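The values are calculated or read from the model by the stated rules, or taken from the named source; none is laboratory data. Since the structure is predicted, the reported quantities are computational estimates derived from the model, not experimental observations. Note that we place each Cβ from the backbone using ideal geometry, even for glycine, and neighbour counts take in every protein chain shown. Calculation scope for accessible area: heavy atoms of the full protein, side chains included, ligands and nucleic acids excluded. Shrake-Rupley method; radii C 1.70, N 1.55, O 1.52, S 1.80 Å.
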Amino acid sequence: MRADSAAAGVALDAAFDEIARLEDVCSAWQPASELQRLNAAAADQRFECSPDLYAVIDSAFDAAEQTNGAFDPTVEPLERAWDMRGAGRAPGDSELAEARSRVGWRAVVRVPASRMVRFTHAGMGLDLGGIAKGYALDRAEEVLRARGISRALLDFGGQLLAFSNREPWRVSVAHPADRLQPAVRLALSNAAVSTSSQSERQIEVNGARYGHILDPHTGRPLRTDASATVVAASGTRADALSTALLVMGRERALEFARAHPELGVLWLEPGPEGVRAWSSNLPTAAAAPGAAVQWMSRP
Ligand code: ADP
Ligand code: MG
(Lines give C-alpha, C1' and ligand atoms only; values in the text may rest on other atoms or scores of the structure.)
(Ligands and ions follow the chains in the order given, each with its own letter.)
Protein backbone atom coordinates (compact mmCIF):
# COMPACT_ATOMS: atom_id res chain seq x y z
CA MET A 1 0.00 0.00 0.00
CA ARG A 2 1.36 3.44 -0.89
CA ALA A 3 0.00 6.93 -0.36
CA ASP A 4 1.56 10.35 -0.60
CA SER A 5 0.55 12.60 2.27
CA ALA A 6 1.85 13.75 5.64
CA ALA A 7 -1.06 12.00 7.38
CA ALA A 8 -0.57 8.87 5.33
CA GLY A 9 0.87 6.77 8.15
CA VAL A 10 -2.15 7.17 10.38
CA ALA A 11 -4.57 6.71 7.49
CA LEU A 12 -2.76 3.54 6.37
CA ASP A 13 -2.96 2.10 9.89
CA ALA A 14 -6.71 2.70 9.88
CA ALA A 15 -7.04 1.07 6.46
CA PHE A 16 -5.05 -1.98 7.59
CA ASP A 17 -7.27 -2.25 10.69
CA GLU A 18 -10.34 -2.22 8.48
CA ILE A 19 -8.88 -4.98 6.26
CA ALA A 20 -8.07 -7.10 9.33
CA ARG A 21 -11.58 -6.56 10.71
CA LEU A 22 -13.13 -7.73 7.43
CA GLU A 23 -10.88 -10.81 7.45
CA ASP A 24 -12.57 -11.78 10.73
CA VAL A 25 -15.94 -11.41 8.99
CA CYS A 26 -15.40 -13.21 5.68
CA SER A 27 -12.54 -15.64 6.12
CA ALA A 28 -12.94 -19.26 5.07
CA TRP A 29 -9.71 -20.08 6.91
CA GLN A 30 -10.61 -18.82 10.39
CA PRO A 31 -13.07 -21.19 12.11
CA ALA A 32 -14.39 -18.32 14.26
CA SER A 33 -15.10 -15.92 11.38
CA GLU A 34 -18.67 -14.69 11.03
CA LEU A 35 -18.90 -16.51 7.70
CA GLN A 36 -17.99 -19.84 9.33
CA ARG A 37 -20.60 -19.25 12.03
CA LEU A 38 -23.13 -18.65 9.26
CA ASN A 39 -22.06 -21.86 7.50
CA ALA A 40 -22.46 -23.82 10.71
CA ALA A 41 -25.90 -22.39 11.49
CA ALA A 42 -27.77 -21.50 8.30
CA ALA A 43 -29.00 -24.99 7.40
CA ASP A 44 -30.96 -25.24 10.65
CA GLN A 45 -32.00 -21.69 11.30
CA ARG A 46 -31.99 -18.22 9.79
CA PHE A 47 -28.70 -16.43 10.36
CA GLU A 48 -28.68 -12.67 10.87
CA CYS A 49 -25.60 -11.20 9.16
CA SER A 50 -23.65 -8.11 10.10
CA PRO A 51 -24.03 -5.29 7.55
CA ASP A 52 -20.58 -6.08 6.07
CA LEU A 53 -21.19 -9.82 5.68
CA TYR A 54 -24.59 -9.19 4.15
CA ALA A 55 -23.14 -6.63 1.73
CA VAL A 56 -20.48 -9.09 0.51
CA ILE A 57 -23.06 -11.87 0.17
CA ASP A 58 -25.42 -9.55 -1.68
CA SER A 59 -22.68 -8.59 -4.17
CA ALA A 60 -21.73 -12.26 -4.55
CA PHE A 61 -25.29 -13.20 -5.50
CA ASP A 62 -25.48 -10.25 -7.92
CA ALA A 63 -22.33 -11.60 -9.58
CA ALA A 64 -23.83 -15.11 -9.69
CA GLU A 65 -26.90 -13.78 -11.44
CA GLN A 66 -24.94 -11.61 -13.90
CA THR A 67 -22.58 -14.44 -14.83
CA ASN A 68 -25.22 -17.15 -15.03
CA GLY A 69 -23.61 -18.99 -12.12
CA ALA A 70 -20.00 -18.97 -13.39
CA PHE A 71 -19.37 -17.11 -10.14
CA ASP A 72 -21.19 -19.05 -7.44
CA PRO A 73 -20.55 -18.34 -3.73
CA THR A 74 -22.14 -21.69 -2.81
CA VAL A 75 -19.13 -23.73 -4.06
CA GLU A 76 -18.09 -24.39 -0.42
CA PRO A 77 -19.15 -28.12 -0.46
CA LEU A 78 -16.90 -28.58 -3.50
CA GLU A 79 -14.02 -26.81 -1.72
CA ARG A 80 -14.40 -29.39 1.05
CA ALA A 81 -14.72 -32.34 -1.36
CA TRP A 82 -11.44 -31.37 -3.07
CA ASP A 83 -9.88 -30.36 0.27
CA MET A 84 -8.92 -27.08 -1.38
CA ARG A 85 -7.82 -25.48 1.87
CA GLY A 86 -5.81 -28.54 2.94
CA ALA A 87 -3.48 -30.93 1.14
CA GLY A 88 -5.98 -31.53 -1.68
CA ARG A 89 -7.57 -34.77 -2.84
CA ALA A 90 -9.75 -35.95 -5.72
CA PRO A 91 -13.27 -36.93 -4.59
CA GLY A 92 -14.81 -40.13 -6.00
CA ASP A 93 -17.75 -39.89 -8.40
CA SER A 94 -20.44 -40.39 -5.76
CA GLU A 95 -18.83 -37.93 -3.35
CA LEU A 96 -18.53 -35.38 -6.15
CA ALA A 97 -22.19 -35.89 -7.12
CA GLU A 98 -23.17 -35.47 -3.49
CA ALA A 99 -21.19 -32.23 -3.16
CA ARG A 100 -22.59 -30.90 -6.44
CA SER A 101 -26.14 -31.49 -5.20
CA ARG A 102 -25.40 -28.97 -2.41
CA VAL A 103 -24.17 -26.25 -4.75
CA GLY A 104 -26.43 -23.66 -6.32
CA TRP A 105 -26.85 -20.00 -5.53
CA ARG A 106 -30.62 -20.15 -6.14
CA ALA A 107 -30.98 -22.50 -3.15
CA VAL A 108 -30.12 -19.77 -0.64
CA VAL A 109 -32.93 -17.71 0.87
CA ARG A 110 -32.10 -14.10 1.69
CA VAL A 111 -34.15 -11.39 3.40
CA PRO A 112 -32.45 -8.02 2.78
CA ALA A 113 -34.57 -6.05 5.28
CA SER A 114 -33.38 -8.18 8.20
CA ARG A 115 -30.08 -9.35 6.61
CA MET A 116 -31.16 -12.96 7.12
CA VAL A 117 -29.62 -15.89 5.24
CA ARG A 118 -30.90 -19.46 5.27
CA PHE A 119 -29.87 -22.55 3.29
CA THR A 120 -32.58 -24.78 1.87
CA HIS A 121 -30.46 -27.96 2.15
CA ALA A 122 -28.22 -29.42 4.84
CA GLY A 123 -24.53 -29.40 3.96
CA MET A 124 -24.65 -26.17 1.94
CA GLY A 125 -22.08 -23.45 2.61
CA LEU A 126 -20.83 -20.11 1.35
CA ASP A 127 -17.28 -19.37 0.21
CA LEU A 128 -16.49 -15.69 -0.33
CA GLY A 129 -12.84 -16.22 -1.29
CA GLY A 130 -13.53 -14.97 -4.83
CA ILE A 131 -14.94 -11.60 -3.75
CA ALA A 132 -13.98 -10.70 -0.16
CA LYS A 133 -10.58 -9.22 -1.02
CA GLY A 134 -12.21 -6.86 -3.50
CA TYR A 135 -14.74 -5.77 -0.89
CA ALA A 136 -11.92 -5.16 1.62
CA LEU A 137 -10.14 -2.95 -0.94
CA ASP A 138 -13.29 -0.87 -1.41
CA ARG A 139 -13.69 -0.38 2.34
CA ALA A 140 -9.97 0.47 2.68
CA GLU A 141 -10.40 3.12 -0.02
CA GLU A 142 -13.31 4.61 1.94
CA VAL A 143 -11.21 4.76 5.11
CA LEU A 144 -8.34 6.47 3.28
CA ARG A 145 -10.57 9.00 1.54
CA ALA A 146 -12.37 9.81 4.80
CA ARG A 147 -8.93 10.69 6.21
CA GLY A 148 -8.13 13.04 3.39
CA ILE A 149 -5.97 10.78 1.23
CA SER A 150 -6.61 11.68 -2.40
CA ARG A 151 -4.08 9.46 -4.13
CA ALA A 152 -3.23 5.86 -3.25
CA LEU A 153 -2.47 2.48 -4.77
CA LEU A 154 -3.63 -0.52 -2.75
CA ASP A 155 -2.06 -3.80 -3.83
CA PHE A 156 -3.18 -7.20 -2.55
CA GLY A 157 -1.18 -9.02 -5.22
CA GLY A 158 -3.40 -10.02 -8.14
CA GLN A 159 -5.82 -7.46 -6.82
CA LEU A 160 -5.33 -3.70 -6.97
CA LEU A 161 -7.25 -0.53 -6.34
CA ALA A 162 -5.98 2.82 -7.54
CA PHE A 163 -7.29 6.31 -7.00
CA SER A 164 -5.66 9.58 -7.87
CA ASN A 165 -6.57 13.21 -8.34
CA ARG A 166 -3.25 13.80 -10.12
CA GLU A 167 -1.32 11.66 -12.61
CA PRO A 168 -2.59 8.09 -13.05
CA TRP A 169 -0.92 5.06 -11.47
CA ARG A 170 0.95 2.62 -13.68
CA VAL A 171 0.26 -0.97 -12.73
CA SER A 172 1.14 -4.25 -14.33
CA VAL A 173 -0.68 -7.50 -14.95
CA ALA A 174 1.47 -10.60 -14.46
CA HIS A 175 2.37 -13.29 -16.96
CA PRO A 176 -0.35 -15.98 -16.60
CA ALA A 177 2.19 -18.62 -15.62
CA ASP A 178 4.44 -16.45 -13.46
CA ARG A 179 2.98 -13.88 -11.12
CA LEU A 180 6.38 -12.23 -10.61
CA GLN A 181 6.85 -11.44 -14.30
CA PRO A 182 4.98 -8.32 -15.54
CA ALA A 183 3.33 -8.87 -18.93
CA VAL A 184 0.97 -5.97 -19.58
CA ARG A 185 0.93 -2.45 -18.22
CA LEU A 186 -2.12 -0.32 -17.53
CA ALA A 187 -2.55 3.30 -16.43
CA LEU A 188 -5.34 3.86 -13.92
CA SER A 189 -6.74 6.89 -12.17
CA ASN A 190 -9.80 5.55 -10.37
CA ALA A 191 -10.32 1.85 -10.83
CA ALA A 192 -9.92 -1.59 -9.35
CA VAL A 193 -8.10 -4.41 -11.15
CA SER A 194 -8.38 -8.08 -10.37
CA THR A 195 -6.60 -11.00 -12.03
CA SER A 196 -7.60 -14.64 -11.60
CA SER A 197 -5.59 -17.64 -12.75
CA GLN A 198 -5.09 -21.22 -11.77
CA SER A 199 -1.39 -20.64 -11.09
CA GLU A 200 -2.15 -18.34 -8.14
CA ARG A 201 -2.65 -21.18 -5.64
CA GLN A 202 -2.67 -24.92 -6.30
CA ILE A 203 -3.24 -28.31 -4.72
CA GLU A 204 -1.55 -31.50 -5.89
CA VAL A 205 -3.52 -34.76 -6.18
CA ASN A 206 -1.84 -37.98 -7.38
CA GLY A 207 0.83 -35.97 -9.17
CA ALA A 208 -1.68 -33.73 -10.98
CA ARG A 209 -1.82 -30.07 -10.08
CA TYR A 210 -5.15 -28.31 -9.71
CA GLY A 211 -5.85 -24.62 -9.27
CA HIS A 212 -8.24 -23.23 -6.69
CA ILE A 213 -11.05 -22.05 -8.98
CA LEU A 214 -13.92 -24.48 -9.51
CA ASP A 215 -16.35 -24.72 -12.38
CA PRO A 216 -19.68 -24.82 -10.50
CA HIS A 217 -21.30 -26.63 -13.43
CA THR A 218 -18.89 -29.60 -13.45
CA GLY A 219 -17.82 -29.49 -9.80
CA ARG A 220 -14.18 -29.72 -10.92
CA PRO A 221 -11.22 -27.32 -10.77
CA LEU A 222 -10.75 -25.46 -14.06
CA ARG A 223 -8.02 -26.72 -16.33
CA THR A 224 -6.62 -23.60 -17.88
CA ASP A 225 -3.27 -21.86 -18.05
CA ALA A 226 -4.89 -18.53 -18.90
CA SER A 227 -5.51 -15.53 -16.71
CA ALA A 228 -8.52 -13.21 -16.71
CA THR A 229 -8.18 -9.59 -15.62
CA VAL A 230 -11.09 -7.24 -14.99
CA VAL A 231 -10.87 -3.47 -14.52
CA ALA A 232 -14.01 -2.12 -12.85
CA ALA A 233 -15.22 0.81 -10.79
CA SER A 234 -15.21 -1.25 -7.60
CA GLY A 235 -12.86 -3.85 -6.16
CA THR A 236 -15.82 -6.05 -5.26
CA ARG A 237 -17.02 -6.25 -8.84
CA ALA A 238 -13.54 -6.66 -10.36
CA ASP A 239 -12.75 -9.51 -7.96
CA ALA A 240 -15.93 -11.50 -8.55
CA LEU A 241 -15.92 -10.98 -12.30
CA SER A 242 -12.28 -11.98 -12.86
CA THR A 243 -13.03 -15.30 -11.17
CA ALA A 244 -16.22 -15.66 -13.26
CA LEU A 245 -14.52 -14.84 -16.57
CA LEU A 246 -11.84 -17.46 -16.01
CA VAL A 247 -14.63 -20.01 -15.40
CA MET A 248 -16.42 -18.92 -18.60
CA GLY A 249 -13.38 -19.45 -20.81
CA ARG A 250 -12.00 -17.06 -23.44
CA GLU A 251 -14.88 -16.95 -25.92
CA ARG A 252 -17.62 -16.37 -23.38
CA ALA A 253 -15.43 -14.03 -21.35
CA LEU A 254 -14.82 -11.77 -24.36
CA GLU A 255 -18.52 -11.89 -25.20
CA PHE A 256 -19.29 -10.83 -21.62
CA ALA A 257 -16.77 -7.99 -22.02
CA ARG A 258 -18.51 -6.75 -25.19
CA ALA A 259 -21.85 -6.76 -23.37
CA HIS A 260 -20.36 -4.74 -20.48
CA PRO A 261 -18.65 -1.63 -21.87
CA GLU A 262 -18.21 -0.31 -18.31
CA LEU A 263 -15.57 -3.02 -17.74
CA GLY A 264 -12.05 -3.40 -19.05
CA VAL A 265 -11.09 -7.01 -19.72
CA LEU A 266 -7.73 -8.61 -20.50
CA TRP A 267 -7.36 -12.31 -21.30
CA LEU A 268 -3.80 -13.70 -21.32
CA GLU A 269 -2.50 -17.12 -22.40
CA PRO A 270 1.07 -18.38 -22.59
CA GLY A 271 2.01 -18.77 -26.27
CA PRO A 272 5.05 -19.88 -28.27
CA GLU A 273 5.99 -16.26 -29.09
CA GLY A 274 5.28 -14.76 -25.72
CA VAL A 275 1.98 -14.04 -24.04
CA ARG A 276 -1.08 -14.01 -26.27
CA ALA A 277 -3.36 -11.15 -25.21
CA TRP A 278 -7.00 -10.35 -25.93
CA SER A 279 -8.15 -7.01 -24.64
CA SER A 280 -11.45 -5.20 -24.50
CA ASN A 281 -12.00 -1.59 -23.54
CA LEU A 282 -8.52 -1.03 -22.13
CA PRO A 283 -7.10 1.92 -24.08
CA THR A 284 -3.98 2.22 -21.90
CA ALA A 285 -2.92 -1.46 -22.14
CA ALA A 286 0.61 -1.99 -23.50
CA ALA A 287 3.30 -4.62 -23.22
CA ALA A 288 5.35 -4.32 -20.02
CA PRO A 289 9.01 -3.35 -20.64
CA GLY A 290 10.88 -6.42 -21.83
CA ALA A 291 7.74 -8.60 -22.13
CA ALA A 292 6.86 -10.37 -25.39
CA VAL A 293 3.16 -9.81 -25.98
CA GLN A 294 1.28 -10.93 -29.05
CA TRP A 295 -1.93 -8.89 -29.32
CA MET A 296 -4.77 -11.03 -30.59
CA SER A 297 -7.23 -8.17 -30.27
CA ARG A 298 -5.95 -4.63 -29.96
CA PRO A 299 -6.33 -2.61 -26.73
P1 ADP B 1 -7.49 -15.24 -5.55
O2 ADP B 1 -8.09 -15.69 -4.27
O3 ADP B 1 -6.25 -15.96 -5.92
O4 ADP B 1 -7.40 -13.76 -5.69
P5 ADP B 1 -9.97 -15.41 -7.04
O6 ADP B 1 -10.39 -14.05 -6.69
O7 ADP B 1 -10.15 -15.81 -8.46
O8 ADP B 1 -8.46 -15.70 -6.70
O9 ADP B 1 -10.80 -16.35 -6.08
C10 ADP B 1 -10.61 -17.73 -5.98
C11 ADP B 1 -11.35 -18.20 -4.76
O12 ADP B 1 -12.77 -18.09 -5.00
C13 ADP B 1 -11.14 -19.66 -4.45
O14 ADP B 1 -10.04 -19.85 -3.62
C15 ADP B 1 -12.43 -20.04 -3.77
O16 ADP B 1 -12.41 -19.60 -2.43
C17 ADP B 1 -13.46 -19.21 -4.50
N18 ADP B 1 -14.04 -19.85 -5.69
C19 ADP B 1 -13.57 -20.89 -6.44
N20 ADP B 1 -14.33 -21.13 -7.51
C21 ADP B 1 -15.35 -20.21 -7.45
C22 ADP B 1 -16.47 -19.93 -8.29
N23 ADP B 1 -16.71 -20.63 -9.41
N24 ADP B 1 -17.29 -18.92 -7.92
C25 ADP B 1 -17.05 -18.19 -6.80
N26 ADP B 1 -16.02 -18.40 -5.98
C27 ADP B 1 -15.16 -19.39 -6.30
MG1 MG C 1 -11.95 -13.08 -7.56
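Spatial offset of region 95-116 relative to region 197-215 amounts to 24 Å, using the alpha carbon center of each. Based on C-alpha pairs under 8 angstrom that are at least 6 apart in sequence, the chain has a relative contact order of 17 percent.
Sort the following peptides by mean Cβ neighbour count (other Cβ atoms within 10 Å, averaged over residues), highest first: 228-240, 180-192. The partial results should precede the final answer.
Details: 228-240: 26.5, 180-192: 18.7.
In descending order of packing, they fall as 228-240, 180-192.
Tell me what the chain gives for mean residue ellipticity at 222 nm when only DSSP H runs of n ≥ 4 count, each as -39,500 (n - 2.57), the sum divided by the residue total, rounded to 500 deg cm²/dmol. Don't jump to the answer; show the numbers that get you there.
Numbers: 8 runs with 96 residues, N = 299.
Estimated from H runs of four or more residues: -10000 deg cm²/dmol.
Using 0.36 nm times the number of residues separating Q45 and V111, minus their current alpha carbon distance, what extension gain do you get?
Values: separation 66, 0.36 × 66 = 23.76 nm, distance 1.32 nm.
That pair, Q45 and V111, stretches by 22.4 nm at full extension.
Packing around the peptides 195-208, 263-276, 69-82, 104-117, taken as the average count of other Cβ atoms within 10 Å per residue, puts them in this order, highest first: 69-82, 263-276, 195-208, 104-117. Which one, V25, W82, A7, is farthest towards the positive end of the dipole of region 2-119 when Lys and Arg carry +1 and Asp and Glu -1 on their Cβ? Looking along the dipole axis, the top candidate is W82.
Stretching the chain fully between R220 and A20 yields a gain of 68.9 nm (0.36 nm per residue, less the alpha carbon separation). Database remark: amide H of A287 closer than 5 angstrom to the amide H of R185 (H placed geometrically; neighbours at sequence offset of 5 or more, or on other chains; Pro and chain starts carry no H). Placing a pseudo-label 7 Å from each Cα along the Cα-to-Cβ vector at E262 and E200 gives an inter-label distance of 2.2 nm. A 1.4 Å probe run over the chain, with the rest of the protein chains in place, finds 45 Å² accessible per residue. Please report the net charge: other residues with Cβ closer than 15 Å to the Cβ of A286, K and R +1, D and E -1. That sum, taken over residues with Cβ under 15 Å, equals +3.
Where a ≥ b ≥ c are the square roots of the eigenvalues of the C-alpha gyration tensor, would you call region 2-119 rounded, which needs a/c under 1.5, or, failing that, prolate if a/b is larger than b/c, or oblate? Cα axes put region 2-119 in the prolate bin.
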